[in-house]
Amino acid sequence: MSFEQFIKHILEEALKIFSGPAEDPPAPEEAPAAPPAPSAPEEPAGWEGEPPYRYLDVSLWQGKIKMEGWQAIKGAGYKGVMLRACGNSGSYNPSKAYIDKTFANNYANAKAAGLDIGVYYYTKAVSEAEADKELAVLRQALLGKELTMPVAVDMENALLTVLKPKDLTNLAAYHLEQIEKMGFFAQLYTYTSYANRFLEMERLAGRWDIWLADYTGKTPKAAFRYSAHQHTSKGAVPGINGPVDLDVTTVNYPAIIRKKGLTRLREA
């Protein structure tokens, strides 16, 4: 070994002493352990099958849903559907209700597939007179139909907020009273921030059923009682192309509605 090689060897050994051993290569990252399976929730009284009761709501925005699509929805475990019976006029236009062009087919096929059915209608009425016109279109849509889920007034349009909360709440109550007079189980649909800002929910929720839209993925920040939760507008369901609203409740609406005889339109 030459003198230069000897010096190089001494320096390398010294470097090892001061630096410590070379770092081992990192071990491959272990796959995270699977979370424990959640325990089955207690079944709400009166329900058959696995709770909670899951359902969806559809309108012409979901396009034409074929009979096999409704069968696939039923097969995927959804028990019911809220169908849009009536839409309303375009943005910033006064109320002018119309029957959703998919309603009749959706009703017939969902019923044939064995799903529970309810309906909702979109309101833009800013007076009882305008509300009466919307309700007349709703009555026309529901002639001869049998429902085992609620009839909901969809109150979320920004134009309605020209009314003070007290007045808009009175108008919501008017809609709900008229639905009851038709012979159906009345329900208010709205979303959390709208309810908190523009409606006196303690009055409404103390008297009527509330279907609340809230997509935060958390328990809605609502100081009032609600019975049904629309938890996403981007659900994926067999039988439907594109996103769809998904809902959940633990209320046995069909049992309540059948027991009270609120399944059909009451004659005026």
Cα gyration tensor category, rounded, prolate or oblate, for segment 184-268 with a/c compared to 1.5
oblate
Please give the per residue accessible area of segment 127-268, computed with a probe of 1.4 Å over protein heavy atoms only, in Å².
48
How large is ³J(HN,Hα), in whole Hz, for each residue of segment 76-88 in order, when computed from phi with the Karplus curve 6.51 cos²θ - 1.76 cosθ + 1.60 and θ = phi - 60°, using x for Gly and Pro?
7, x, 7, 9, x, 8, 9, 9, 6, 7, 9, x, 8
Contour minus end-to-end for Ala136 and Tyr98, with contour as 0.36 nm per residue of separation and end-to-end as the Cα-Cα distance?
12.7 nm
Which of Lys74/Lys164; Lys79/Lys101; Lys124/Lys260 exceed 32 Å between C-alpha atoms? The answer is Lys74/Lys164
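The values are calculated or read from the model by the stated rules, or taken from the named source; none is laboratory data. Since the structure is predicted, the reported quantities are computational estimates derived from the model, not experimental observations. Just so you know, the surface numbers come from the protein's heavy atoms only, side chains and all, with ligands and any DNA or RNA stripped out. Shrake-Rupley method; radii C 1.70, N 1.55, O 1.52, S 1.80 Å.
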